[in-house]
Amino acid sequence: MNGLYRPRDDRVIAGVCAGLARRFGMTPWTVRLLFLLSCLLPGPQFVVYLVLWVMMPNEDRHMAGAR
């Protein structure tokens, strides 16, 4: 099982959706579409995205920790 990190490729803004997609075995565009659709519902979607952006390590840092 892959760890949760922001990959260097497949980034559009910060790589959060691409990281979630890799973690759960989905395509990045599917996760992006689900995120955009969830923005139609009330809730803290943007806050969760910002928190994940800050908390998820970059791919470089993740790979360095895995060694």
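The values are calculated or read from the model by the stated rules, or taken from the named source; none is laboratory data. These numbers were taken from a predicted model, which means no experiment stands behind them. Neighbour counts run over all protein chains shown; Cβ positions are idealised from the backbone, glycine included. SASA here: full protein model, heavy atoms, side chains in, ligands and nucleic acids out. Shrake-Rupley method; radii C 1.70, N 1.55, O 1.52, S 1.80 Å.
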Practice task
Identify all residues within the stretch 34-55 that are under 14 Å from residue 20 (Cβ atoms) and either outside any helix (DSSP H, G or I) or of a type in the set (S, T, N, Q) (or both); write none if there are none.
Solution key: 38, 45
Handout entry: Looking only at the stretch 14-67, and only at residues there that are without any contact (Cβ under 8 Å) to a residue 24 or more places away in the chain, among the polar types (S, T, N, Q) and out of contact with any Ser or Thr (no Cβ under 8 Å at 6 or more places or on another chain), the one that is least open to solvent (accessible area, probe 1.4 Å)
Key = 38
Completion exercise
Reported set for the stretch 28-37 where residues are over 11 Å from the mean Cα position of the chain (by Cα) and β-branched (Val, Ile, Thr) is 30
